[in-house]
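**Q** There's a structure below that I have some questions on.
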Amino acid sequence: MKPGGTFIFSWEHPIHSRVIYDQDQLQFAHSYHEEAPKLHEAWKPTPAVFNFRRMSTFINELIAAGFQIEKLVEDVEFPNEDTSTPHSWYSKSKAERYPSTFIIKCKLVQENQD
């Protein structure tokens, strides 16, 4: 990427990935602070390992790579008709409490010298 280029990155929000619906309530499955590879709940029964990261890790790695953060979006829009159940990974009831995704817009201001 050339300096001045725009990079837009979107991923599942770190909070959303740690919250599950269990015993009729939303609860944390593991600590937000723990950054490690783990089986991702949404992919059961097919095993999928994700590297769980904090929001600060995403942002700090972009900065270390020479990017300037221009915008962070954690907003959510709900459809008029909700077809999800509380057990759905992307349910309206979960998204009303925790952001499901994030989008970062940044610009490369300097090339990484590594």
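The values are calculated or read from the model by the stated rules, or taken from the named source; none is laboratory data. Here the structure is a predicted model, which means the values were calculated and not measured. Neighbour counts run over all protein chains shown; Cβ positions are idealised from the backbone, glycine included.
**Q** Please specify each residue of the stretch 53-94 satisfying the condition of being loosely packed, with under 12 Cβ neighbours inside 10 Å, among the hydroxyl-bearing types (Ser, Thr, Tyr) and under 30 Å from residue 24 (Cβ atoms).
**A** 83, 85
**Q** Just one of (1) at pLDDT 95 or above; (2) in contact with a strand residue (DSSP E or B) (Cβ under 7 Å, 6 or more places away or on another chain) trips up residue 56, so point out which.
**A** (2)
**Q** Being touching a residue at least 12 places away in the same chain (Cβ under 8 Å) and acidic (Asp, Glu) narrows it down to one residue among 81, 12, 77; which is it?
**A** 12
**Q** Could you list all residues from the stretch 35-52 that are among the charged types (D, E, K, R) and surrounded by 11 or more Cβ atoms within 10 Å (Cβ to Cβ)?
**A** 35, 38, 41
**Q** Now, a different point. Given the criterion among the charged types (D, E, K, R), in contact (Cβ under 8 Å) with a residue 12 or more places away in the chain and more than 24 Å from residue 8 (Cβ to Cβ), identify the matching residue among 34, 70.
**A** 34
**Q** If you don't mind, there's one more thing I want to ask. Can you run down the residue pairs with Cβ atoms below 6 Å, 6 or more apart or on separate chains, where the first is in the stretch 40-64 and over 18 Å from residue 15 (Cα atoms) and the partner is assigned to a helix (DSSP H, G or I) and not aromatic (Phe, Trp, Tyr)?
**A** Pairs that qualify, where the first residue is over 18 Å from residue 15 (Cα atoms) and the partner is assigned to a helix (DSSP H, G or I) and not aromatic (Phe, Trp, Tyr): there are none.
**Q** Okay, moving on. Just need a number here: residues in the stretch 20-65 that are basic (Lys, Arg) and within 23 Å of residue 96 (Cβ to Cβ).
**A** 1
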